[in-house]
1. Would you count, across the protein assembly as shown, every pair of lysines whose alpha carbons are under 29 angstrom apart, provided the pair is eight or more residues apart or spans two chains?
2. Using a 1.4 Å probe, how large is the accessible area of B:Ser176, given in Å² and rounded to the nearest 10?
3. Residues of the range B:23-72 losing 10 Å² or more of accessible area relative to the isolated chain, 1.4 Å probe, heavy atoms only?
4. What's the buried accessible area, both sides, between A and B using a 1.4 Å probe, rounded to 100 Å²?
5. Taking chain B as the reference, fit the longest principal axis to its C-alpha atoms, fit the long axis of helix B:243-272 to the helix C-alpha atoms, and give the angle between the two in degrees, 0 to 90, nearest 10.
6. On average, how much accessible surface per residue is there in the range B:235-307, in Å², for a 1.4 Å probe, leaving out ligands, DNA and RNA?
7. Helix B:277-309 against the longest principal axis of chain B: what's the angle in degrees, Cα atoms only, rounded to the nearest 10?
8. For the range B:38-129, which trypsin sites (Lys or Arg not before Pro) are both in a DSSP coil and crowded by at most 14 other Cβ atoms within 10 Å?
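The values are calculated or read from the model by the stated rules, or taken from the named source; none is laboratory data. Source: prediction; values computed, not measured. For neighbour counting, all protein chains shown are included, and Cβ atoms are generated from backbone atoms with ideal geometry for every residue, glycine included. For accessibility, only protein heavy atoms count, side chains too; no ligands or nucleic acids. Shrake-Rupley method; radii C 1.70, N 1.55, O 1.52, S 1.80 Å.
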Amino acid sequence: MSDTLRQVGIDIQESEENRGLVAAIRADNPELTVRHLPGLVKIQAAGQIVINRETVERELGREWETGEFQLAIVSFAGNLSEWDDDQIIVKWEH
Amino acid sequence: MQYELRYQVIEPKRQTYQNVIDRFGDQPASRYLEATLDVEPRENFHYRPTWDQHRELYDADYTALKLTDPYSYTDPRQFYYTPYVTNRANLHDEFTKQMAYLEERELLAKLPTAWRTVLTTAILPLRHYESGAQMVSVGGARFAYGTSLEQCCTYAAFDRIGNAQMLSRVGIALGSGTGDLLQVAKREWLDSEHLQPLRRFTEEAMVTPDWAEGLVAVDLVDSLVYPVLYRELDEIALTSGAGAYSLFTQYLHTWFKDQRKWLDALIKAWAADEEHGAENREHLSRIVATWNPLAHEAATELARVVDHQLPDAGTVAALARTTAAAEQRWAQVTGGAA
């Protein structure tokens, strides 16, 4: 078993609304690589990506439910290891 | 013949406008930031205003409350023209539907007499207060330095006229489709003793030379009147057969929550500013010390009239609770100096 962390990734549709979401993910995950493709923002990090409701709300300036995440994503690589009202964590679980 | 479809990314030459690049580097930015940052002209004004030789057309010195960088403050709601208009249009549509319902069922006409009196003597005259508050916000829209501040004031001014319109529509519905009650409410505003402290307050806030002082002063009244009349009284309304009152005040209450978002953030930004913070806190304490007793007096007179009509409403008591909460909030902002 290797020690290197596998990359997890989330692809988010690029739109005005989602820019705040990307900014929030950036703020909460310092080790992030963000690539902008036409119409798509590809986010990758080693190990895990955390999305906190509070951070997203601060970036968007409005209330945000973690369920709205579904409207933003195009696809993702990893497991949704946690998804509750306050936090979403994407990581590989095995 | 065969075509090969390939995926090719064309890098845009620039991700955003120069005003944003100057601050955050070349990365995709929100429409709000693009439409806000450093938009206001800073230099090369041809003339000084003829009515004020000592200041520029756009000048940070129109208020004692200053920010080192006005763009360090941004509207937490991120309102620029389109989202603002969309948001408020939706709110107004809902209000219109609610009014249609109230009118169809004649719910306002069926209000108990005491509640009718409360509406004509205390609530409807507040449309003149809203109008005054609009002027104060317009003052901010003109004299605030920095687009991030002045556009908040502009939207607040539009909101205020919207609130006045909501109250007018309630008055018209209550007067069975005529403006009669609005006339009555205006006479109340001009002549009734219980409204004079508020009227005086509003007029003085309008002529305060420092736009920010006027804005904070009006907010002091708002923080008493809105929670007490549009929230606490609304709960009493629900239990005492005046559900119609609750149905329309919820919009005003919702608006007030929205107003708080940008204004609280601005007050916090003033108080926490690295360069001007200490002075700002002093100015804020002075403003609160000057205007708060007057705001309190104005709100108390209103609350008394309501309690006179509705002895069980406990509006004066609610006002005392609200005052305590507001004072605590200010003490926190100004570091106990207020």
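1. Close lysine pairs under the 29 Å cut-off: 12.
2. B:Ser176 has an accessible surface of roughly 100 Å² with all protein chains in place.
3. Those residues are B:Gln27, B:Pro28, B:Ala29, B:Ser30, B:Arg31.
4. Details: alone 5880 and 17250 Å², together 22310 Å².
It comes to approximately 800 Å² buried between A and B.
5. 40
6. Working: 3140 Å² over 73 residues.
For the range B:235-307, the solvent-accessible area averages 43 Å² per residue.
7. Taking Cα atoms only, the helix is inclined about 30 degrees.
8. On the way: sites: B:Arg42, B:Arg55, B:Lys66, B:Arg77, B:Arg88, B:Lys97, B:Arg105, B:Lys110, B:Arg116, B:Arg127; in loops: B:Arg42, B:Arg55, B:Lys66, B:Arg77, B:Arg105, B:Lys110.
Here the trypsin sites (Lys or Arg not before Pro) that fit, given the DSSP loop and packing criteria, are B:Arg42, B:Arg55, B:Arg105, B:Lys110.
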